[in-house]
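The values are calculated or read from the model by the stated rules, or taken from the named source; none is laboratory data. Predicted, not measured: the structure shown is a model, and the values here were computed from it. Note: ideal-geometry Cβ built from the backbone for every residue, glycine included; neighbour counts use all protein chains shown. Side chains included, ligands, DNA and RNA excluded: accessible areas come from the protein's heavy atoms. Shrake-Rupley method; radii C 1.70, N 1.55, O 1.52, S 1.80 Å.
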Amino acid sequence: MGLLKVVDFAGLLVAMLLLFTVLLMGSVSGIGVNWGTQATHPLPPATVVKMLRDNGFQTVKLFDADSTTLNALKNSGIQVMVGIPNDMLYTLANSVQAAENWVAKNVSAHVSSNGVDIRYVAVGNEPFLTTYNGTFEAITLPALQNIQSALTKAGLSSQVKVTVPLNADVYQSPNGLPSSGNFRADIQALMVQIVQFLNTNGAPFTVNIYPFISLYNDPNFPVDFAFFNGYSSPLNDNGRIYQDVFSANYDTLVWALQTNGYGNMSIIVGEIGWPTDGDKNANLQNAQRFSQGFMSRYLAGQGTPMRSGPLDAYLFSLIDEDAKSIQPGNFERHWGMFYIDGTPKYLLNIEANSNGLIAASNVPYLAQQWCIFSPSASLDDPQVGPSVSYACANADCTSLGYGTSCGSLDAKGNISYAFNSYYQIQNQLASACQFSNLSIVTTTDPSTGDCKFRIMINVPTAMQSTSSSVGSLEQPVGLLLFLSLFILSIL
């Protein structure tokens, strides 16, 4: 009897240890979200963390490992994926010591003493985009291996997993059917090596899927196929029916993995969302339709024809980023479910029986005043063109143009929008509304319809992005030329 009691106790102890391990590594059922910080006036991290908790987000994906952000996540109960930017890959690939230093500073320190629940390290961000012309192909896997070794040395490899967020362009199907999916020919061997390494270390494959981009890149793409409301001409792949492009895209990856011997590998959808401005298809209505359609499927535990179970996903993204590069398109600054002040853009239920998104609390604003085109100024003034170009080069004019939220403004409205954007980003400095006698400050809101002339939030100067300084916002020459021509064309 004594022996039986010992065995029973030992069995109970093993069971408890297994349960603890499951609880430690088990994934949270709630939807995740991407938190980007490329903003001229970012909300305080503590405010954002409260937003995350108020809205029920249980996992968050970061694009770096900023200590202020991680400190704000201390004891929040939110699981975290920290990121390593692409420009760090070379150093980490060529130095084991650099990888160990990075892990010690950005993972170990926060996990051990700061109570931050870090679960993943994202090594790079879409490093194999064709637009990079192979820049990161030789260094991504070595960087991944060195970070894994550093996590193992730090005793964190069972708690923190490595992954590489990849764009969906790393796989393709020659005939458009998911079952013909395989990795892109030019990186086939490299992708198999990465997948093998991730699989060996119990790590997931992370992919970013954007139905909006399918619509943006192809004017003939069937609009309804980008959403989740059903499509009149669904794709039939040997009896598997696809009524939306997300499911077809996801299962193309599943087939690519299966074809190469890794059909059971776990998949994380690292980014999925819809922008609200900057393109004719980027608006509040489409964003709400797409996001709620995805969330309804997610909450119902509905997967895809090849993976019927619940998905693991991070919505993209939490808040607009007005200093983000717009090289891919003007929509890049408008992916947020919230405006830059933490105000929800549209009704979205991310939990069962919820009443929509909850705004950030106690957000301070600058004075209720705007910089506009002076009523006494002339549209024929030769300084109009240079003034608008200067304002847009140093502010955010991506809501101007055909099909955008402010696309219906007249010439004076376009000029006013450009002036006000610059004025707000410059913290309403008096000197920021002095455009060669073309501008004045008003206390009457010039907003009209969906076109909002926004008041900037009031954040400490130390928190403001260096991108808010003159000339540092990333504005491709083509965009400036287009906006200037657009504005001047209606003069």
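Is there a residue being on the phi < 0 side of the Ramachandran plot, aliphatic (A, V, I, L, M), assigned to a loop (DSSP other than H, G, I, E, B) and touching a residue at least 12 places away in the same chain (Cβ under 8 Å) anywhere in the stretch 369-376?
Within the stretch 369-376, the subset on the phi < 0 side of the Ramachandran plot is 369-376.
Right, trim to aliphatic (A, V, I, L, M) and you get 372.
Cutting the leftovers down to assigned to a loop (DSSP other than H, G, I, E, B) gives us none.
No, because not a single residue in the stretch 369-376 is on the phi < 0 side of the Ramachandran plot, aliphatic (A, V, I, L, M), assigned to a loop (DSSP other than H, G, I, E, B) and touching a residue at least 12 places away in the same chain (Cβ under 8 Å).
Pick from the stretch 405-432 the residues that are aromatic (Phe, Trp, Tyr) and touching a helix residue (DSSP H, G or I) at 6+ places or on another chain (Cβ under 6 Å): which of them is surrounded by the most Cβ atoms within 10 Å (Cβ to Cβ)? Break it down into steps so the answer makes sense when it comes.
Here is the first cut: in the stretch 405-432, the residues aromatic (Phe, Trp, Tyr) are 417, 419, 422-423.
Then keep just the ones that are touching a helix residue (DSSP H, G or I) at 6+ places or on another chain (Cβ under 6 Å); that gives 419, 422-423.
Details: Phe419: 30, Tyr422: 27, Tyr423: 28.
Checking each candidate, the answer is Phe419.
With the condition being surrounded by fewer than 19 Cβ atoms within 10 Å (Cβ to Cβ) and out of contact with any Lys or Arg (no Cβ under 6 Å at 6 or more places or on another chain), I'd like the strands (runs of 3 or more DSSP E) fully within the stretch 156-242 carrying at least 3 qualifying residues. First the steps, then the outcome.
Numbers: elements: 161-163, 165-167, 205-208, 235-237, 240-242.
It comes to none.
Tyr231 - would you say it is out of contact with any Gly (no Cβ under 8 Å at 6 or more places or on another chain), over 30 Å from Ile457 (Cα atoms) and touching a residue at least 60 places away in the same chain (Cβ under 8 Å)?
Values: out of contact with any Gly (no Cβ under 8 Å at 6 or more places or on another chain): yes; over 30 Å from Ile457 (Cα atoms): yes; touching a residue at least 60 places away in the same chain (Cβ under 8 Å): no.
Here the answer is no, as Tyr231 does not meet what is asked.
Looking only at residues that are touching a Ser or Thr at 6+ places or on another chain (Cβ under 7 Å) and closer than 25 Å to Asp380 by Cα in the stretch 438-450, which one is least open to solvent (accessible area, probe 1.4 Å)?
Ranking the qualifying residues of the stretch 438-450, first place goes to Leu438.
Could you please let me know if Asp237 is touching a Phe, Trp or Tyr at 6+ places or on another chain (Cβ under 7 Å) and at pLDDT 95 or above? Lay out the reasoning, then the answer.
Working: touching a Phe, Trp or Tyr at 6+ places or on another chain (Cβ under 7 Å): no; at pLDDT 95 or above: yes.
No; evaluated as a whole, the condition is false for this residue.
I want to confirm something. Restricting to the stretch 109-141 and keeping residues that are surrounded by 15 or more Cβ atoms within 10 Å (Cβ to Cβ) and out of contact with any helix residue (DSSP H, G or I) (no Cβ under 9 Å at 6 or more places or on another chain), which single residue is nearest to Glu271 (Cα to Cα)?
Taking the candidates together, the pick is Ala122.
I need a count of the residues in the stretch 438-452 that are assigned to a loop (DSSP other than H, G, I, E, B) and more than 24 Å from the chain's Cα centre (by Cα).
Quick first cut of the stretch 438-452, residues assigned to a loop (DSSP other than H, G, I, E, B) only: 438, 443-447, 449-450, 452.
Now drop any that are not more than 24 Å from the chain's Cα centre (by Cα), which leaves 438, 443-447, 449.
Residues flagged as assigned to a loop (DSSP other than H, G, I, E, B) and more than 24 Å from the chain's Cα centre (by Cα) within the stretch 438-452 amount to 7.
Specify which of the listed residues (Phe136, Phe183) is within 22 Å of Ser247 (Cα to Cα) and not basic (Lys, Arg). Let's see the steps before the verdict.
On the way: Phe136 fails: within 22 Å of Ser247 (Cα to Cα).
Exactly one of Phe136, Phe183 is within 22 Å of Ser247 (Cα to Cα) and not basic (Lys, Arg), namely Phe183.
Here is a check on your reading of the model: is Gln475 open to solvent by less than 60 Å² (accessible area, probe 1.4 Å), closer than 28 Å to Leu43 by Cβ, modelled with pLDDT of 95 or more and outside any helix (DSSP H, G or I)? Before the answer, list the steps.
Values: open to solvent by less than 60 Å² (accessible area, probe 1.4 Å): yes; closer than 28 Å to Leu43 by Cβ: yes; modelled with pLDDT of 95 or more: no; outside any helix (DSSP H, G or I): yes.
Taking the combined requirement at face value, the residue does not satisfy it.
Hey, can you tell me all the residues within the stretch 288-320 that are more than 14 Å from the chain's Cα centre (by Cα), small (Gly, Ala, Ser) and assigned to a helix (DSSP H, G or I)? Even if it seems obvious, please write down each step before you answer.
Initial filter on the stretch 288-320 (more than 14 Å from the chain's Cα centre (by Cα)): 288-290, 292-312.
Filter once more, so that each one left must be small (Gly, Ala, Ser): 293, 296, 300-301, 303, 308-309.
Within the stretch 288-320, Gly293, Ser296 meet the criteria.
Residue-by-condition table, conditions (1) in contact with a Phe, Trp or Tyr (Cβ under 8 Å, 6 or more places away or on another chain); (2) in contact (Cβ under 8 Å) with a residue 40 or more places away in the chain:
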| residue | (1), (2) |
| --- | --- |
| His41 | no, yes |
| Ala46 | no, no |
| Met51 | yes, yes |
| Gly56 | no, yes |
| Thr59 | yes, yes |
| Asn71 | no, yes |
| Gly83 | yes, yes |
| Leu89 | yes, yes |
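Looking at Leu366 and the list (1) touching a Phe, Trp or Tyr at 6+ places or on another chain (Cβ under 9 Å); (2) surrounded by fewer than 17 Cβ atoms within 10 Å (Cβ to Cβ), which single condition is not satisfied?
With (1) touching a Phe, Trp or Tyr at 6+ places or on another chain (Cβ under 9 Å); (2) surrounded by fewer than 17 Cβ atoms within 10 Å (Cβ to Cβ) applied to Leu366, the lone miss is (1).
Among the residues of the stretch 333-360, write down those that are open to solvent by less than 30 Å² (accessible area, probe 1.4 Å) and within 15 Å of the chain's Cα centre (by Cα).
Within the stretch 333-360, Arg333, His334, Trp335, Gly336, Met337, Phe338 meet the criteria.
Being within 26 Å of the chain's Cα centre (by Cα) and part of a helix (DSSP H, G or I) is the filter here, so list the residues in the stretch 134-155 that pass it. Please lay out each step first, then the result.
Filtering the stretch 134-155 for residues within 26 Å of the chain's Cα centre (by Cα) gives 134-148, 151.
Within the stretch 134-155, Thr140, Leu141, Pro142, Ala143, Leu144, Gln145, Asn146, Ile147, Gln148, Leu151 meet the criteria.
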